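The next block holds one structure in the form of structure tokens; read it before the comments.
Values quoted throughout were computed directly from the atomic coordinates according to the rules given, and no laboratory measurement underlies them. Because the structure is predicted, anything quoted here is derived from the model rather than measured. Because the Cβ atoms are built from the backbone with ideal geometry, glycine has one as well, and the counts that use them run over all protein chains shown.
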Amino acid sequence: MNRLNPTVPADQYLADSNVLFYLNDAVIQLLEHKEEYNQFGVIRYFAEYFSSVKNSNHVLFREFNYIQATPHNRASFIRVFWKCYRQIGKSGDLLSMLEYRSLLQLLCPDFPVVLVQSAARIAVMDDTIDCLMSFSDFLYAFQLQFYYQEFLDCVLVIYQDLLAGKSPNTVIVPTSTSIEQIPSVSTEENNKEERPQNGVEPSTLVQCIDALCDRSKHSHPPRSCMREILKQTDRISYYSFLMSLAKQEAINQTIGVLPSKAELLIDPEMDQELDKLIAQIVVSPSSNSSSSAVGGLKEVQKKASPRRNIHHRRRMEVESDGSTEETDSSEN
């Protein structure tokens, strides 16, 4: 979240930080669940609500329209997804697109499958999205697709025009106001074959992307990062471009929630707890090792604060340093 800066005009600060959006949502939540929150008091409710927004805990189990509403919400959801399922990466499991969709819908029940499909296509750069993917490959592809969704939809429109043989002068660069009029770009692309063996000229594509960045009000990857990728090849396809983007450390630094791939699965605190669990199993050979392990793992998941956020009944507590709690979905 942006901090209040005395040199920034009030209107600009309100627009950049989306304070009015969160204030409106906080009031709606309070009115919808006022009987539940009356016991805590309105002042404490608002304090808890904005604290959860600051700590990125506020997106859990919320509807998709909410989690995609602001850049902070999108970054927070990416962070939550990483923290909740990091152990999948540590175990080395490969999952399908449908399995990643299920994991995302545990956190956001109405998360659209089309975004998961698009992220999977970036990860495997293949028309067959049923391939198994590592957690890290999918996570970085998902980060790019989800955070920059509108911008990437516009790039796809430009790419398809260039692929159809239009000259750069006749390619229509979408504006911010026309982005929402693009009819299911990702769905359309997933249902037809891309021609990666052809691709387009990078110099032409970067010219159109520069024009798009100048006109679009939506977030976009760093221009220097995109130019660096496009100058390294003679021809490039849409998904090969996105795959290269997803691997760029500059993307992580710009969004600011995921570490580098080398540090993605490092969690010393959790590793220490697991070592303690294994030691307990070793020194207690007479106990039922299976039930002890399951019980111990549950304790590891519960080791942080058991308090739920006050502004949502199904909220999963995530510590400000990123450790996660057991979600209510495990109770159902």
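Could you work out how far apart the two model spin labels at ALA10 and SER203 are, taking each label as a point 7 Å from the Cα in the direction of the beta carbon, and quote it in nm?
The two pseudo-label positions are separated by 5.2 nm.
May I ask you to give the average projected area over all directions of the convex hull of the Cα atoms of segment 6-139, in nm² rounded to one decimal?
Numbers: hull surface 42.2 nm².
Mean projected area for segment 6-139: 10.6 nm², to one decimal.
As an exercise, use a Förster radius of 56 Å and the Cβ-Cβ distance of ASP214 and LYS276 to find the FRET efficiency, rounded to the nearest 0.05.
Details: r = 55 Å, r/R0 = 0.99.
With a Förster radius of 56 Å, E is 0.50.
Semi-axes, largest first, in whole Å: what does sqrt of 5 times each Cα gyration tensor eigenvalue give for segment 67-170?
Details: eigenvalues 147, 58, 23 Å².
Semi-axes, largest first: 27, 17, 11 Å.
Explain nothing, just compute: Karplus ³J(HN,Hα) = 6.51 cos²θ - 1.76 cosθ + 1.60, θ = phi - 60°, for every residue of segment 16-24 in order, whole Hz, x for Gly and Pro.
For segment 16-24, the Karplus curve yields 5, 8, 6, 4, 5, 4, 5, 5, 5 Hz.
When only C-alpha pairs under 8 Å and at least 6 residues apart count, what is the relative contact order of segment 1-156, in percent? The partial results should precede the final answer.
Numbers: 123 pairs, mean separation 28.8, N = 156.
With pairs under 8 Å counted, the relative contact order is 18 percent.
Which residues does the label zone of GLN253 cover in segment 223-247, counting backbone N under 11 Å from a point 7 Å along Cα→Cβ?
225
Based on the alpha carbon coordinates of segment 30-85, what radius of gyration and maximum Cα-Cα distance (Dmax) apply, in Å?
When restricted to the Cα atoms of segment 30-85, Rg and Dmax are 12.7, 35 Å.
Here is the link list: LYS34/LYS217; LYS166/LYS247; LYS54/LYS276; LYS247/LYS276; LYS90/LYS276; LYS34/LYS83. Which ones come out longer than 26 Å on Cα distance?
Values: LYS34/LYS217 37 Å; LYS166/LYS247 30 Å; LYS54/LYS276 32 Å; LYS247/LYS276 35 Å; LYS90/LYS276 18 Å; LYS34/LYS83 31 Å.
Result: LYS34/LYS217; LYS166/LYS247; LYS54/LYS276; LYS247/LYS276; LYS34/LYS83 exceed 26 Å.
If one puts a single equal scatterer on every Cα of segment 199-245 and applies the Debye formula without solvent, what log₁₀ I(q)/I(0) results at q = 0.20, 0.24, 0.27, 0.31 Å⁻¹?
Here log10 of I(q) over I(0) equals -0.61, -0.87, -1.07, -1.29.
Please work out the ratio of the alpha-carbon Rg of segment 11-55 to 2.2 N^0.38 Å and round it to two decimals.
Numbers: Rg = 11.5 Å, N = 45, 2.2 N^0.38 = 9.3 Å.
Segment 11-55 yields a ratio of 1.24.
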